[in-house]
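The values are calculated or read from the model by the stated rules, or taken from the named source; none is laboratory data. Please read these numbers as outputs of a predicted model, since none were measured by experiment. Using ideal geometry, Cβ is built from the backbone for each residue, glycine included, and neighbour counts are taken over all protein chains shown.
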Amino acid sequence: MKDKDCPKHDGEGGSTARRLCACLLVFNFVLLLVILLVWAILRPHKPRFVLQDVTVYAFNASVPNFLTTNIHVTISSRNPNHRIGVYYDKLDIYAIYRNQQITLRSSIPPSYQGHKEVDVWSPFIYGTEVPVAPFNSMTLTQEQAAGTIFLMVKIDGRVRWKVGTFTSGRYHLYVKCPAYIIFPKSTATAAQESAASSDGAVVKLQMLQKCSVAV
């Protein structure tokens with residue numbers, strides 16, 4: 001009698017396991033569908049970045065093919081979303097000249113930005129005798145002597161979106177802020193020496209320059 005009952009019990013156990021798996025799959029599908037619908041309805045917008053100002057304390061390109069810099073930048077970030085928060089998990093900021101990185105990366109501390117909130121960061125970006133490509137070094141010296149240098153302040157990092165109790169995975173954040181550094185004409189030719197020796201700022205510029213943002 002027991003031998004006849006065993007297949008029946010095995011069949012019932014397998015059927016229960018299949019029903020349980022089916023219920024879990026349906027639950028996960030419905031949950032994913034709800035999240036996608038909420039995400040589509042809310043339509044998260046990218047943060048908006050603005051380069052507020054730039055203060056140059058050192059900009060020395062007097063040594064051929066090497067550059068020493070010390071630049072203080074102020075950047076604001078605004079979350080334009082009504083119901084979505086933003087986690088900034090990791091942000092690195094640095095300067096680019098003609099597609100070549102000319103400063104070290106400086107880190108911006110992780111933070112959370114609520115709905116419609118604005119954060120302001122004021123990091124230093126700098127480098128000591130950073131190698132520069134010969135053709136960039138020559139152009140950089142010429143532009144500094146002429147009084148105007150165009151740099152790109154870049155931010156690379158990771159962000160997460162927060163909707164209610166749901167937090168998304170990490171997304172790569174790319175920010176590019178154009179910065180025109182204008183040296184006073186009376187000191188443009190001597191800017192390298194003054195930048196290297198002066199305790200005060202060589203030049204301070206109000207930018208209010210909008211940055212391009214990609215996520």
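In the stretch 128-156, which residues are in a strand (DSSP E or B) and not charged (D, E, K, R)? Walk me through how you get there before you give the answer.
Taking the stretch 128-156 first, the residues in a strand (DSSP E or B) are 128-131, 148-156.
The answer is T128, V130, P131, T148, I149, F150, L151, M152, V153, I155.
Residue count for the stretch 95-113, restricted to those that are touching an Asp or Glu at 6+ places or on another chain (Cβ under 8 Å) and closer than 30 Å to F135 by Cα: 3.
Only one of the listed residues (K185, K162, K154) is of a type in the set (D, E, K, R) and at pLDDT 95 or above. That residue is K154. When residues in the stretch 124-138 are screened for being polar (S, T, N, Q) and surrounded by 16 or more Cβ atoms within 10 Å (Cβ to Cβ), 2 of them pass.
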